[in-house]
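The values are calculated or read from the model by the stated rules, or taken from the named source; none is laboratory data. Remember, predicted model here, so these are calculated numbers, not experimental data. Virtual Cβ from ideal backbone geometry, glycine too; neighbours counted across all protein chains shown. Note: accessible area is taken over every heavy atom of the protein model, side chains too, but ligands, DNA and RNA are not part of it. Shrake-Rupley method; radii C 1.70, N 1.55, O 1.52, S 1.80 Å.
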Amino acid sequence: MSAASVSSYLGVNTQSHTVRKRRDPSVPDSRVPRRRRYLVCEPRHFAVQYAINPWMRPGEPVDVVRALDQWQALVDAYRAHGHTVDTVKPVPGLPDMVFAANAAVVVDGRVFGSLFHAPERRPESVPYEAWFKSEGYEVYHPESVCEGEGDLVPAGRWILAGTGFRTTREAHSEVQEYFGVPVISLTLVDPYFYHLDTALFVLDDDNIAYYPEAFSPGSREVLARLYPDAVLATREDAMAFGLNSVSDGRHVFISPGATGLVGRLAGRGYVPVPVDLSEFQKAGGGIKCCTQEIREIRS
Ligand code: ARG
């Protein structure tokens, strides 16, 4: 890597709005970013036409120009931090197709497709599968309902898997069998946090941030056992979509409304990069929902 690309990769000469905060001197400034490949879908046909989560009010006007601007700012922020961004072409009549995370989960270059819970979203699988095929991937078709990275979250040595509203427990077994990676089942209990990626995100291979009250008591205990040093979020952070964030191991692309969480992450040596996707909250989505990570085999 050239010196120039290293500095842009490390975010040295990036965005003026990168948040820097006075940090706890006992926390080493050693967070290392890893280059990622993301798949996104332009919100050209984004709208709220049906209600499949408590955030959605059908007929609520969506400002598509604003949505397009906000989405473009997210793509620009990823690229400014050295990440690759691919796009799948949006299809008219699929207003939630912008939420690319739901279409699949990709681990070691293998694609586990989705079987959407809502009939309105099922047709999204077709254009996403076409994209994967055009890139040379085969797509596994699950037998049980599951919604990609919305509920199936690769976290280093295992996959954290949500259930309760969308993805079924049967799908968790199917994922484990397909990838041969241990799957940790977690039960979501609050309808506002209907997908795992609205209540938890992976900071790096070893740590996560999450909102404990979104989980059943047993699942909370599991998370506390696995992640004693997790960054905990409040309900305010979670309602501001602060847990629907994307981390490259150092930079955390996060909703600016989650002020408490932004401060806590900075205090732990991460670099929050605020990106406002408020228009997408009308559909119950945020940064992570709009982003699917394509994970190749790591060298
Ligand atoms: N309206 C969409 C739904 O309810 C939002 C999906 C958000 N995606 C996510 N990964 N949480 O399905």
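Evaluate the following for residue 283: is it within 16 Å of the ligand (Cβ to nearest atom), surrounded by 24 or more Cβ atoms within 10 Å (Cβ to Cβ), more than 30 Å from residue 131 (Cα to Cα) and in contact (Cβ under 8 Å) with a residue 24 or more places away in the chain?
No.
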State yes or no: is residue 104 open to solvent by less than 30 Å² (accessible area, probe 1.4 Å), within 12 Å of the ligand (Cβ to nearest atom) and touching a strand residue (DSSP E or B) at 6+ places or on another chain (Cβ under 6 Å)?
yes
Here the residues within segment 124-145 that are surrounded by 15 or more Cβ atoms within 10 Å (Cβ to Cβ) and out of contact with any Gly (no Cβ under 9 Å at 6 or more places or on another chain) are 124, 127, 131, 145
If you take the residues of segment 146-189 that are away from the ligand (no atom under 16 Å from the Cβ) and charged (D, E, K, R), which of them is least open to solvent (accessible area, probe 1.4 Å)?
174
Would it be correct to say that residue 120 is part of a helix (DSSP H, G or I), within 16 Å of the ligand (Cβ to nearest atom) and open to solvent by 10 Å² or more (accessible area, probe 1.4 Å)?
yes
What tally of residues in segment 254-276 results from selecting those that are open to solvent by less than 40 Å² (accessible area, probe 1.4 Å) and within 15 Å of residue 237 (Cβ to Cβ)?
13
Considering only segment 159-260, give the helices (runs of 4 or more DSSP H) lying wholly within it that have at least 3 residues that are touching a residue at least 60 places away in the same chain (Cβ under 8 Å) and under 26 Å from residue 118 (Cα atoms).
169-179
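Here are 66, 23, 34: which of them is among the basic types (Lys, Arg), assigned to a loop (DSSP other than H, G, I, E, B) and modelled with pLDDT of 95 or more?
Exactly one residue qualifies, and that residue is 34.
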